[in-house]
Amino acid sequence: MVRYAEPGVAEWVESGGGPLIAVPETVLPFWAGADGDETASDYDRACEVDGFVGLLPVGDSAALVLGDEPASTAFLPDHAVFVRWGAADSEDELLAEVPAALATAAWEDEVRWTVPGPVVLFDAAWPGHDCARTDNLRVVLEPGSYAVRAAQARPGPEAWLGLVQLRRL
């Protein structure tokens with residue numbers, strides 16, 4: 001798996017080709033990924049999400065699906081945003097474009113996501129109980145409701161990125 005970032009700059013999560021998903025830690029055991037006996041697995045449900053983001057029930061909570069493309073993704077807590085690597089010559093270039101991208105993005109409609117606390121971002125194909133065996137990122141979120149909005153942005157001639165921003169309600 002290609003690593004774009006230097007250690008300590010941003011921690012990037014990649015998938016094997018499908019969507020990434022942010023699952024609350026408290027319900028990780030209930031995410032079956034591509035496993036399961038049902039006609040449609042949890043992974044199949046995640047792949048059916050239309051657009052940049054969607055919510056799926058998991059246990060007594062909901063997971064946030066980062067749809068569209070399986071782009072490398074990092075979380076920037078200073079901006080409360082998942083950044084999805086579209087194109088840039090370097091990580092530094094991509095991260096430098098984030099403020100301009102946030103200011104000029106054409107945002108899709110918001111969804112409301114209620115979380116009980118921290119979430120784990122990983123490839124939706126993996127079962128939650130096994131996500132530590134793959135790329136994953138623990139994102140510390142305060143319990144409560146968040147407005148989630150998403151956009152694609154091209155803030156510079158050589159850079160484009162996806163944004164999934166969280167705003168505490």
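Overview of values
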| read-out | value |
| --- | --- |
| Elements of type strands (runs of 3 or more DSSP E) in the stretch 100-169, at least 3 residues being among the small types (G, A, S) and surrounded by 14 or more Cβ atoms within 10 Å (Cβ to Cβ) | 144-156 |
| Test: residue in the stretch 113-133 that is more than 30 Å from P29 (Cβ to Cβ) and either free of Cβ contacts under 8 Å to residues at least 60 places away in the same chain or not basic (K, R) (or both) | no |
| Residue ID - surrounded by the fewest Cβ atoms within 10 Å (Cβ to Cβ), chosen from residues in the stretch 37-69 that are within 18 Å of T114 (Cβ to Cβ) and β-branched (V, I, T) | V49 |
| L94 vs. criteria at pLDDT 95 or above and hydrophobic (A, V, I, L, M, F, W, C) | no |
| The one condition in (1) at pLDDT 95 or above; (2) surrounded by fewer than 18 Cβ atoms within 10 Å (Cβ to Cβ); (3) in contact with a helix residue (DSSP H, G or I) (Cβ under 6 Å, 6 or more places away or on another chain); (4) over 18 Å from A125 (Cβ atoms) that A5 fails to fulfil | (1) |
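The values are calculated or read from the model by the stated rules, or taken from the named source; none is laboratory data. Given the structure is predicted, the values throughout are model-derived calculations rather than measurements. In this analysis, Cβ positions are derived from the backbone assuming ideal geometry, glycine residues included, and neighbour counts consider all displayed protein chains.
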